[in-house]
Amino acid sequence: MARSKRKKRASVGILFWIAFVLFVAVVFLYNKQNIENVLETTGLVEVLSDRVGLSDDDEPEVTREDGDGGQPVPEDEPELEPVEPPVEETPPREPESESESEPEPEPEPAEEPTPEPRDDPEVAAEPEAPPREPEDREEPEVQPRRRTSRIYYIRVTEDGTIYPHQVERMVSYVDSPMTQTLNALLKGPTTEELNLGLLNLIPENTQLISAAVEDGVAYLNFNESFRFNPMGVEGFVAQLQQIIYSTTEFPTVDRVQILIDGKHVDYLGGEGIYIGDPIGRNTFG
């Protein structure tokens, strides 16, 4: 009887302590945050740590799990920011048609290699051709000049005397006034001059082929017609006077050498008027 009472008391006591412990645990859990704040404020945790012998190095490393549920990450380690994947550059769009594509530059023509000179003596180098002038090149127009020239025709007196008579002509020329003066002489006197009795005794159809002056001598080249005069000796003398007097009016001419078709001829006609040497005015006295 007494044993059953003790057992019953012991059971009641055990249940009481269990209930008390549970009550304390519930109160502790309910007030855990307040208790931790009080301990940190009073510094009791540090005091107990110093007495028990715990240091900061012995504290277990507090880790936290990352958001993906992977390996634990140290709490003091800074979180790494996620790296954005590199943006791939879009390659340039190829032109869909020939009109959109840029024209390719034409390749420059390759320079031909310069041939090396050959040492073969049998092959002669060809001379370079002179540059050709453009065919359509227009030469500047040269304006002719004018001068008053003195020429001589023949006057015949009542007693039959023949002598040269001077007249004036307005002559146009470019670079040879003497040639144009002699051509004017060969045309003959004007109507007015004919009425005054002036004659031209130079044979008909006479032409001046060329004229040049060198060292005071005028070289006058006439055609074959100049050699024949129907008036004989007096006609030959008269035609020579007309030519020589008209030519020596130019200050650069002292004497005249007569040529026939570019050749020296000793005599005019069959009468034998000598023209093999230059003739001046003094030849006629």
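Can you pull out the residues in the stretch 216-268 that are in contact (Cβ under 8 Å) with a residue 60 or more places away in the chain and part of a loop (DSSP other than H, G, I, E, B)?
Matches in the stretch 216-268: 249, 250, 253.
Mind checking which pairs have a first residue in the stretch 180-193 that is in the same structural domain as residue 223 (by TED's automatic domain parsing) and under 13 Å from residue 165 (Cβ atoms) and a second that is outside any helix (DSSP H, G or I) and among the polar types (S, T, N, Q), Cβ under 9 Å, 6 or more apart or different chains?
185/149; 185/200; 189/200
May I ask you to say which residue of 254, 277 is acidic (Asp, Glu), in the same structural domain as residue 176 (by TED's automatic domain parsing) and farther than 22 Å from residue 165 by Cα? So that I can check it myself, show each step before the final result.
Numbers: 254 fails: farther than 22 Å from residue 165 by Cα.
Checking each option against the conditions leaves just 277.
Quickly run through the stretch 256-267 and pick out the residues that are over 19 Å from residue 282 (Cα atoms) and of a type in the set (A, V, I, L, M, F, W, C).
259, 260, 265 - these are the residues of the stretch 256-267 that are over 19 Å from residue 282 (Cα atoms) and of a type in the set (A, V, I, L, M, F, W, C).
Test residue 196 against the stated conditions and say whether it is surrounded by fewer than 17 Cβ atoms within 10 Å (Cβ to Cβ) and within 22 Å of residue 168 (Cα to Cα). Working first, answer last.
Details: surrounded by fewer than 17 Cβ atoms within 10 Å (Cβ to Cβ): yes; within 22 Å of residue 168 (Cα to Cα): yes.
Yes.
Could you say which residue among 254, 261, 266 is modelled with pLDDT of 95 or more and over 27 Å from residue 147 (Cβ atoms)? So that I can check it myself, show each step before the final result.
On the way: 254 fails: over 27 Å from residue 147 (Cβ atoms); 266 fails: modelled with pLDDT of 95 or more.
Only one candidate passes the filter, namely 261.
Within the stretch 148-178, restricting attention to residues that are surrounded by fewer than 16 Cβ atoms within 10 Å (Cβ to Cβ) and polar (S, T, N, Q), which residue is farthest from residue 200 (Cα to Cα)?
Taking the candidates together, the pick is 176.
For the subset of the stretch 205-215 comprising residues that are part of a loop (DSSP other than H, G, I, E, B) and out of contact with any strand residue (DSSP E or B) (no Cβ under 8 Å at 6 or more places or on another chain), which member is farthest from residue 229 (Cα to Cα)?
The residue in question is 215.
Among (1) among the β-branched types (Val, Ile, Thr); (2) closer than 15 Å to residue 179 by Cα; (3) part of a loop (DSSP other than H, G, I, E, B), where does residue 202 come up short?
(2)
Matching residues to (1) of a type in the set (A, V, I, L, M); (2) loosely packed, with under 15 Cβ neighbours inside 10 Å; (3) modelled with pLDDT under 90:
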{"position": "224", "(1), (2), (3)": "no, yes, no"}
{"position": "227", "(1), (2), (3)": "no, no, no"}
{"position": "239", "(1), (2), (3)": "no, no, no"}
{"position": "279", "(1), (2), (3)": "yes, no, no"}
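The values are calculated or read from the model by the stated rules, or taken from the named source; none is laboratory data. The structure displayed is predicted, hence computed values, not measured ones. For neighbour counting, all protein chains shown are included, and Cβ atoms are generated from backbone atoms with ideal geometry for every residue, glycine included.
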